[in-house]
1. 222 nm [θ] for the chain, helices only, -39500 (n - 2.57) per DSSP H run of 4+, per residue, to 500?
2. Using Cα pairs under 8 angstrom and six or more residues apart, how large is the relative contact order of the range 1-82, in percent?
3. Rolling a 1.4 angstrom probe over the protein heavy atoms, how many square angstrom per residue are accessible across the chain?
4. List the trypsin sites (Lys or Arg not before Pro) within the range 145-238 that DSSP assigns to loop and that have no more than 14 neighbouring Cβ atoms inside 10 Å.
5. Across bins of 5 angstrom width beginning at 0, how are the C-alpha pair distances of the chain distributed, in whole percent?
6. Show me, for the range 95-110, the HN-Hα J-couplings you get by feeding each phi into the Karplus relation (A = 6.51, B = -1.76, C = 1.60, θ = phi - 60°), rounded to Hz, glycine and proline as x.
7. How high is the relative contact order of the range 78-179, given as a whole-number percent (alpha carbon pairs under 8 Å, six or more residues apart)?
8. Can you send over the carbon and sulfur percentage of the accessible area for the range 1-120, probe radius 1.4 Å, protein chains only?
Amino acid sequence: MAKIYVIGVDGLHNNGKTTQLRLLNENLEKLGIFTIIRRGDGSRKGEGKDEFDAHSDWWLENRPRIMAAGFEGRASQDAATEASDRLNRELALTKNWWMKKELQKNGLDKGVILQDRGLISRLFVYRRYESTAGFKEVNFYTNRGRHEGVIVPDIIFLLHCPFDVLISRNLGRGDGSSKQAFNETVLRNYFPDFEKHIATLPDEIKDKTVILDSSGTIEGIQQRLLENTLNLINEKSLSIEGGPSGAER
């Protein structure tokens with residue numbers, strides 16, 4: 001039976017998640033490992049223009065409404081839950097049906113799903129409305145009126161570094177884009193809360209999480225991600241000091 005691994009990459013904006021996910025995807029595929037990137041929390045456009053965003057009529061239709069709900073209030077909470085439910089359903093279909101079919105078709109016995117954001121981000125959003133929320137509040141999603149268990153990654157790499165580094169990177173974009181403004185809003189409003197959040201992760205998430213200092217070089221961070229992903233696939237011990245929940249800071 002084919003083995004499918006789920007590798008989570010999480011963290012606030014400007015920690016380099018997109019860059020690292022793309023590199024990890026490329027490096028695993030060079031090694032002959034069937035790999036796909038899927039969103040785990042937040043939203044996506046559904047335009048089908050890159051590996052992060054498969055075409056989806058649902059997202060094309062509903063994302064404008066979800067994004068219009070903003071950051072605060074009941075409408076925002078409901079929109080975040082709706083988006084999370086949809087993304088968790090997509091992830092389940094990818095792992096339990098699509099990925100298995102593709103591996104069988106190509107005669108492969110291993111595959112990797114790289115998850116762009118996931119349980120850490122989802123719980124952070126949930127805790128904005130219920131500060132004591134734990135794993136039980138985010139370990140399910142609603143699918144056509146039924147509660148289904150979320151897919152918990154085999155390992156979560158949390159990219160994190162000091163606030164001033166993230167702000168400097170955002171300013172360095174220099175494009176005056178809406179994305180740049182959005183990132184700055186998130187960082188200035190939520191960075192302190194996020195640091196408290198990751199210090200109090202429930203054991204079910206903490207035990208799967210390795211915190212990496214994302215202020216290092218792109219190449220150095222990628223080396224750690226790739227090495228430990230391969231160790232997981234080959235059932236070897238992690239090479240990062242401290243193992244799960246250990247921080248390289």
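1. So the helix-based figure for the chain works out to -14500 deg cm²/dmol.
2. With pairs under 8 Å counted, the relative contact order is 14 percent.
3. 50 Å²
4. In loop regions of the range 145-238 (DSSP not H, G, I, E or B), the sparsely surrounded trypsin sites (Lys or Arg not before Pro) are 236.
5. For the chain, the binned pair fractions read 1, 6, 13, 18, 21, 18, 13, 7, 3, 0 percent.
6. With the stated coefficients, the range 95-110 comes to 6, 8, 10, 4, 5, 4, 5, 5, 5, 5, 4, 9, x, 10, 10, 9 Hz.
7. After rounding, I find 26 percent.
8. Carbon and sulfur atoms account for 49 percent of the accessible area of the range 1-120.
The values are calculated or read from the model by the stated rules, or taken from the named source; none is laboratory data. Since this is a predicted model, take the numbers as computed values, not measurements. In this analysis, Cβ positions are derived from the backbone assuming ideal geometry, glycine residues included, and neighbour counts consider all displayed protein chains. Quick note on the areas: whole protein, heavy atoms, side chains included, nothing else; ligands and nucleic acids left out. Shrake-Rupley method; radii C 1.70, N 1.55, O 1.52, S 1.80 Å.
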